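Notes follow once the structure below has been shown.
Bear in mind these aren't lab numbers, they're just calculated from the coordinates by the rules spelled out. Predicted model, so just to flag it, every value in this text is computed and none were measured. Note that each Cβ is placed from the backbone with ideal geometry, even for glycine, and that neighbours are counted across all protein chains shown.
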Amino acid sequence: MRVIARRLLFYIVTAILAVTVVFFIPRLMPGNPVEAVLSHLMGNVTPGTIRSLELQYGLNSKQGLWGQYMTFWVHLIHGNLGVSTSYYPSTVTSVIRGAIPWTIGLVGVATVISFVLGTVLGVLVAWRRGTWLDNLLPATTFFQAAPYFFVAFIALDIFATRLGWFPTGRAYNQLDFPGLNAAYVGDVLDHAILPAATIVLCSAAGWIVGMRNVMVTTMDEDYVLVAQAKGLAKRRVVWYAARNAILPSVSGFSLAIGFVVSGALLTEIVFSYPGLGWILLQAVGGRDYPLLQGIFLIITFAVLLANLAADSVYVLLDPRTRQEA
Amino acid sequence: MSIGTGTDLGGTGLGGVGVGGTGPGDQPGGGPLPPPVSAPVRGRRIQLPRSPKIIAGLAMLGAFLVLAIVGPIVAPYSPSASLSTTNGVPQPPSAAHWLGTTQVQQDVFSQLLAGGRSTILVAFLSGIAATILSVLIGVSAGYLHGRWADDFLSMLANFFLVMPALPLLIVIFGFLSSSGATNDVLIGLIIAITGWAWGARVLRAQTLSLRSRDYVESARIIGERGWRVIASEILPNLMPVVASSFLFTVLYGVGTYTALAFLGLVNPEHWSWGSMLFQAQNVNAETSGYWWWYIPPGLAVALLGTALAMLNFGIDEFINPRLRAAGVTRRQARKSGGRGLPRRFELGLTPVVRNRPAPGAAASTAAASTASTGAASREAASTAVTSTGAPARTREQTS
């Protein structure tokens with residue numbers, strides 16, 4: 001438990017640092033953040049808007065930098081991330097709240113599938129080393145190196161535009177009635193398959209190679225040899241080796257998850273999928289700074305939570321970490 | 001480097017599968033060099049392992065570097081020039097435009113040639129800057145293990161490791177300039193800030209394992225200064241890891257720069273493969289069937305990345321010989337004259353094709369070549385290496 005507590009502390013510190021970074025970036029850049037935001041509001045400016053922006057950034061008040069920083073925290077804790085300029089007059093919080101379910105549904109499920117699939121394939125490739133399965137490796141190299149959104153381009157062009165098997169974008173048909181009816185759910189699934197497949201294809205490659213490399217090393221361990229020599233069924237031997245080989249994959253999760261989420265957000269953009277990636281594109285296009293900051297914070301918090309979950313799984317899987325405590 | 005000479009090793013055309021890279025056999029006295037790394041002993045050539053992956057990777061990378069240098073010069077048209085104002089539809093490839101044209105009748109081929117320079121420049125700049133950072137931070141953290149400086153530096157690295165880099169960069173670039181960044185050096189350096197942590201972590205772990213080795217201890221006992229111990233005892237032995245982390249960071253730089261440009265955070269008139277994809281996406285080239293517009297830049301990025309990743313795998317296999325056995329096929333085994341080499345994986349047996357006469361160094365790395373299962377021991381005529389002295393798992397070090 002102490003291990004987890006220590007990690008939790010680290011993530012809390014990281015979260016605080018992330019908020020601090022978000023607070024300071026606009027202030028380190030040339031120019032006044034309020035002017036920068038206003039220049040993109042294009043006519044929608046009322047004195048009230050300016051006032052609220054100034055309040056948001058703590059400018060024009062008598063507060064010093066420290067006071068502004070504190071105000072920023074108070075706003076944040078109340079869930080007040082400011083007003084979005086590209087979705088004016090919606091607040092950043094409400095825009096993000098509308099997008100999050102789509103991203104969690106698509107990216108979350110795709111990440112889990114790719115982790116499981118990649119790990120199983122990695123074990124297989126390592127176990128059947130020297131067979132045709134080795135030919136998978138060059139392909140994984142390519143998919144590891146190709147940008148997610150490029151693979152998404154190709155998938156969209158071939159399977160949606162040319163073959164017409166899947167819709168070309170968005171999360172559901174505009175004519176649907178959102179709700180728990182079969183037509184809507186089926187439609188949502190239909191729209192999710194292609195983006196999800198893209199994310200799985202691109203991110204599974206990393207898990208395959210990682211798992212294969214560790215598995216190859218693990219299979220040379222004495223205990224695997226002993227298990228084999230005892231005459232255990234091959235399946236059991238693989239299971240023992242795989243259980244030990246998966247540890248680095250789980251602890252490497254923290255490195256990978258950031259890449260996977262970033263890639264997945266870009267995939268959403270290509271598919272016009274209305275998740276965080278899509279509003280991120282709108283925010284970038286309209287230089288919607290409050291929304292950009294909000295999305296960054298939300299993604300950071302989500303990644304930290306995923307890391308904490310991976311750490312907990314690691315403690316569950318590896319008794320050594322529990323003994324230390 | 002002596003890639004492709006293939007004379008001193010018998011020229012078996014094996015692509016060096018199984019040659020540990022610790023110098024050919026005609027240089028005796030090299031002694032067993034401790035894995036994970038083979039120290040480039042002073043006064044000797046550094047021998048790169050001649051695995052097919054490394055050769056192919058280097059060749060592709062070389063081609064891309066040439067492209068970066070001459071690309072903008074040999075481009076037939078200016079990448080931004082509209083070649084016709086009357087036509088608003090992208091034209092498919094033709095004799096005049098090898099890769100077709102864009103919406104505003106710009107030549108895609110010229111854009112591809114011109115865009116390579118910025119992409120590759122940013123990637124390598126960020127790779128170099130991040131590698132310098134990671135060596136500085138990782139090695140000092142490892143060397144200062146147990147002091148507050150190590151705790152602080154490790155914490156810093158962990159912080160950058162868990163922070164999702166792309167969203168952070170998007171925020172930075174968003175505030176940097178409202179029309180998009182145009183300065184390659186600045187872009188590369190900013191990307192480097194988010195890309196050093198992984199290398200620093202691996203280097204710290206490696207330094208930790210090296211600093212307690214006898215030769216480092218003795219250098220310290222002799223009274224060598226800290227920086228000298230690091231520079232002449234530790235750093236040379238970290239070279240493969242540094243190279244691997246450099247390639248990884250360049251790969252990261254390619255992907256990140258392309259992603260940022262794709263999002264429009266780099267000025268779209270600043271030609272790179274990412275900005276080509278940005279413009280293609282803007283007019284929905286992928287749903288309109290304008291494949292000639294988005295395939296070339298995307299493929300170029302993917303191939304550049306593949307070259308880097310292949311080199312990286314080659315180095316990984318160099319560091320950890322067990323990963324390498326996969327390359328031994330029956331054909332290669334027959335060529336090497338290794339009779340009865342198990343084509344399929346056999347538990348407890350790592351087949352390594354060795355060129356005869358076996359280099360002394362490789363044989364001693366091979367330590368005890370026993371421990372084979374009953375089934376496999378019959379075939380133990382082929383060299384079985386149980387690489388007991390092999391390094392910790394590559395993947396584990398990274399995590």
**Report entry** Alpha-carbon Rg with Dmax, taken over the range A:101-163, Å
**Finding:** 14.7, 43
Requested in this report: Calculate one ³J(HN,Hα) per residue across the range A:227-244 by plugging θ = phi - 60° into the Karplus curve 6.51 cos²θ - 1.76 cosθ + 1.60, and present them in order as whole Hz with x for glycine and proline.
Outcome: 4, 5, 5, 5, x, 5, 4, 4, 4, 5, 4, 4, 4, 4, 5, 5, 4, 7
Query raised in the report: To the nearest whole number, what is the average tally of beta carbon atoms from other chains within 10 Å of the beta carbons of peptide A:210-217?
Result: 6
**Report entry** Dipole-positive endmost among A:A245, A:L232, A:M215 within the range A:204-260 (Cβ charges, Cα centre)
**Finding:** A:L232
Query raised in the report: Given H placed on each backbone N at 1.01 Å, which residues far from B:A181 in sequence or on other chains put an amide H within less than 5 Å of it?
Result: B:V266, B:N267
Query raised in the report: Fewest first, what order do B:E224, B:E217 take by the number of other Cβ atoms within 10 Å?
Result: B:E217, B:E224
Report task. Would you tell me the mean number of C-beta atoms belonging to other protein chains that fall within 10 Å of each C-beta in B:154-163, as a whole number? Result -> 5
Report summary line: Exposure-ranked with fewest Cβ neighbours within 10 Å first, A:F142, A:F24, B:F318 stand as A:F24, A:F142, B:F318
Query - Stokes-Einstein diffusion coefficient of the range A:242-325, Kirkwood radius over Cα pairs, 25 °C, 0.890 mPa s, in µm²/s - result: 168
Query raised in the report: For the range A:93-322, treating each Cα as an identical point scatterer without solvent, what Debye log10 I(q)/I(0) comes out at q = 0.13 1/Å?
Result: -0.85
Query raised in the report: Residue by residue, what Karplus-based ³J(HN,Hα) values in Hz, rounded to whole numbers, does the range A:195-204 have, using 6.51, -1.76 and 1.60 with θ = phi - 60° and x for Gly and Pro?
Result: x, 4, 4, 4, 4, 4, 4, 6, 8, 5
**Report entry** Residue mean of other protein chain beta carbons inside 10 Å, A:297-308
**Finding:** 2
Query raised in the report: In what sequence, highest mean first, do B:147-154, A:152-159, B:65-72 appear when ranked by Cβ atoms within 10 angstrom?
Result: A:152-159, B:65-72, B:147-154
